[in-house]
1. Sort out which residues of the range 4-38 are charged (D, E, K, R), closer than 13 Å to A250 by Cα and more than 10 Å from the ligand (Cβ to nearest atom), and write them in order of number.
2. Mind checking which residues of the range 209-244 are over 13 Å from M101 (Cβ atoms), at pLDDT below 80 and acidic (D, E)?
3. So which of D113, D25 ends up being on the phi > 0 side of the Ramachandran plot and charged (D, E, K, R)?
4. Find all pairs meeting these conditions: Cβ atoms under 6 angstrom apart; at least six residues apart or on different chains; first residue within the range 42-64 and assigned by TED's automatic domain parsing to the domain that holds R378 and more than 16 Å from G374 (Cβ to Cβ); second residue within 16 Å of the ligand (Cβ to nearest atom) and of a type in the set (S, T, Y).
5. Against the condition assigned to a helix (DSSP H, G or I), closer than 18 Å to S142 by Cα, among the charged types (D, E, K, R) and at pLDDT 75 or above, how does R274 come out, does it pass?
6. Every residue in the range 46-83 that is more than 9 Å from the ligand (Cβ to nearest atom), of a type in the set (S, T, N, Q) and in contact with a strand residue (DSSP E or B) (Cβ under 9 Å, 6 or more places away or on another chain), please.
7. Just one of the numbered conditions (1) away from the ligand (no atom under 16 Å from the Cβ); (2) without any contact (Cβ under 8 Å) to a residue 60 or more places away in the chain is not true of E99; which one?
8. Examine the range 159-167 for a residue that is outside any strand (DSSP E or B) and touching a residue at least 12 places away in the same chain (Cβ under 8 Å), and state whether such a residue exists.
Amino acid sequence: MAELRSRIGLQLAARLEAAASRARDEIAWRMARDIARCCDSSNVYVASGMQNEYGVFDGTATLWGCGYLLCPNCHPRDARRLRKRARAVLESMAVLVGERMRFLTLTLPTARDVGLLKSHEIFKTAWELFRKLKFWVELRPSGVVRLEWQPNGDGFHVHAHAVLSVKKIDFDECREAWGKCIVKAWAHHGVDQKIVTRSGLPFINIKFTYDRKDRSRTENLRDAVAEAVKYITKPTSWLALSDADLLAVATASLERDRLPRSFEVIGRARQSSRLGEAQAARDDRRILDTGLLSDGEAKKNLSDGVEWSNVQSAGSLAALISRAMALGRREALRVLPRWLWIQVTTAKIAREQERRREGLSYRYSQAVFTTLTGDEWRGVGVRSAIALL
Ligand SMILES: [Zn+2]
């Protein structure tokens, strides 16, 4: 599994790197390079004998995470974290009298020759129109909404899943209303397209979230969230994209507004979510690397007045490198010349890998870790047991 993911990641990185070189897209070139470093055999490890409150387990992960959407190592981890947060939001939300937990799917028919980003824009416009409709507002739905997309033969299939506590939704009314919003959104974005189903209406689906009688509410909710917050796409389907689409996705994935990776919280759930999310974020920190790409506010203007391609401006090479080392990851990606970016990121990644190894051997003291290149290290408990022999 770990090897397969790594292989796909390296393939994808090579495709992206070639496309970026041809298009002279430096940012995408660097992203490709990071994905390759993330999927490198020396960065991927397999662990056996890890232990937590549920028991002993094996696993695989990366020492350093690039955090990019296109990365087959990072994206599933992202999705896992999001599912956990979505569950926390829904579990802390009260279901009012007359409401049930429902699972709603809204789809946007694929429009030919409309790329992912525009399909996405169209969906957002339709959704903004839909959520202001009187019938929808009066239902007072609360819960989480997640937008997903999949490349298919002639375009992108964009749809949304929502897990909501809500009164009975009239299927026909909802479908007709959603259809009208799509038509308006297409017109707004200048797309000449009709809904080509037999009924002339888009596909929607409404079902109960707690539909499995043989399972507990918690299990049913977990299933619903897993269905709503899936991986956005299988890593191999990125390989099917054209160079232009691949570059567009790579670039847009850096911007939260253009390709949001999270889910939207609506209605009463917004209040309960603050508590739930804070708890989930605390849990996350104990398990996963977080803030992969966030630089925070403090480091924002560090590169002001620095001419990165000119060593003299910093006084010496060492001074230039040390200033570059202080940059946040996102800023370094954008402002440093390539040679300096490679130097700085290589040093930082090595440091992070070392830190992560050490952290893991304390957190899972009885475990044994091996990278895909065969480099092995042990938990501190195993180490001291060996020392005693
Ligand atoms: Zn990665």
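1. R15, E17, D25, E26, R30, R33
2. If the condition is that a residue be over 13 Å from M101 (Cβ atoms), at pLDDT below 80 and acidic (D, E), then D214 is the only one that fits.
3. Testing whether each residue is on the phi > 0 side of the Ramachandran plot and charged (D, E, K, R) leaves just D113.
4. Once the first residue is assigned by TED's automatic domain parsing to the domain that holds R378 and more than 16 Å from G374 (Cβ to Cβ) and sits in the range 42-64, no partner that is within 16 Å of the ligand (Cβ to nearest atom) and of a type in the set (S, T, Y) comes close enough.
5. Details: assigned to a helix (DSSP H, G or I): yes; closer than 18 Å to S142 by Cα: yes; among the charged types (D, E, K, R): yes; at pLDDT 75 or above: no.
Considered against the rule, which asks whether it is assigned to a helix (DSSP H, G or I), closer than 18 Å to S142 by Cα, among the charged types (D, E, K, R) and at pLDDT 75 or above, R274 comes out as no.
6. S48, Q51, T60
7. (2)
8. At the first step, the residues of the range 159-167 found to be outside any strand (DSSP E or B) are 167.
Next, from what is left, pick out any that are touching a residue at least 12 places away in the same chain (Cβ under 8 Å): 167.
Yes: one or more hits.
The values are calculated or read from the model by the stated rules, or taken from the named source; none is laboratory data. Note that the structure is a prediction, hence the values are computed from the model and not measured. Every residue, glycine as well, gets a Cβ built from its backbone with ideal geometry; the counts of neighbours run over all protein chains shown.
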